[in-house]
């Protein structure tokens, strides 16, 4: 009986080790790490950006933002201007581990949050976007609709 208990303990320990090993991920692609979140915040809050792509429900709506330049202020303000119109909004980057309000099953989920109350075309990009990729000159975002599962895409490029 003692041998069976020892075997059971060893089995549980080995299974736990394998489970934990499978859960680790490569930090180079892990947007959930604090270093990457801070790097994205730092990158996006320097310079001026434009919308290189906005696709909603498979429809290209990039032209809705033609001529607008976007400035992501480090304090969380988001300003868009086209020379005639100025639109104010807000932005933030949060991880699921500290926001708790995302419906994703990933513990390492990072959201790039954009909020504009108006005009309507700016309200359309008000979402909790998932960061697909980013560099010093480009950030690609996507949002999966909770209703029909459609995927919206938003890409900013540094001017």
**Request:** Name, by its number, the condition in (1) within 20 Å of residue 117 (Cβ to Cβ); (2) modelled with pLDDT under 95; (3) not in a strand (DSSP E or B) that does not hold for residue 94.
**Result:** (3)
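Quick grid of which residues meet (1) surrounded by 10 or more Cβ atoms within 10 Å (Cβ to Cβ); (2) at pLDDT 90 or above; (3) not in a helix (DSSP H, G or I):
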residue: 5; (1), (2), (3): no, no, no
residue: 12; (1), (2), (3): yes, no, no
residue: 31; (1), (2), (3): yes, no, yes
residue: 35; (1), (2), (3): no, no, no
residue: 38; (1), (2), (3): yes, no, no
residue: 43; (1), (2), (3): yes, yes, no
residue: 52; (1), (2), (3): yes, yes, yes
residue: 63; (1), (2), (3): yes, yes, no
residue: 70; (1), (2), (3): yes, yes, yes
**Complete:** In the set 76, 100, the lone residue that is within 28 Å of residue 38 (Cβ to Cβ) and modelled with pLDDT of 95 or more is 76
**Message:** What are the pairs with Cβ atoms under 8 angstrom where one residue, in the stretch 60-78, is on the phi < 0 side of the Ramachandran plot and touching a residue at least 12 places away in the same chain (Cβ under 8 Å) and the other, located anywhere, is in a helix (DSSP H, G or I) and surrounded by 15 or more Cβ atoms within 10 Å (Cβ to Cβ)? Sequence gap at least six, or different chains.
**Reply:** 61/121; 64/121; 65/121; 72/44; 74/41
**Prompt:** What about residue 88, is it at pLDDT 85 or above and assigned to a strand (DSSP E or B)?
**Reply:** yes
**3 or more residues free of Cβ contacts under 8 Å to residues at least 24 places away in the same chain: qualifying strands (runs of 3 or more DSSP E) within the stretch 120-159** = 138-144
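The values are calculated or read from the model by the stated rules, or taken from the named source; none is laboratory data. Note that the coordinates shown come from a computational prediction; the quantities given were computed from them, not determined experimentally. Cβ: placed from backbone, ideal geometry, glycine included. Neighbour counts: every protein chain shown.
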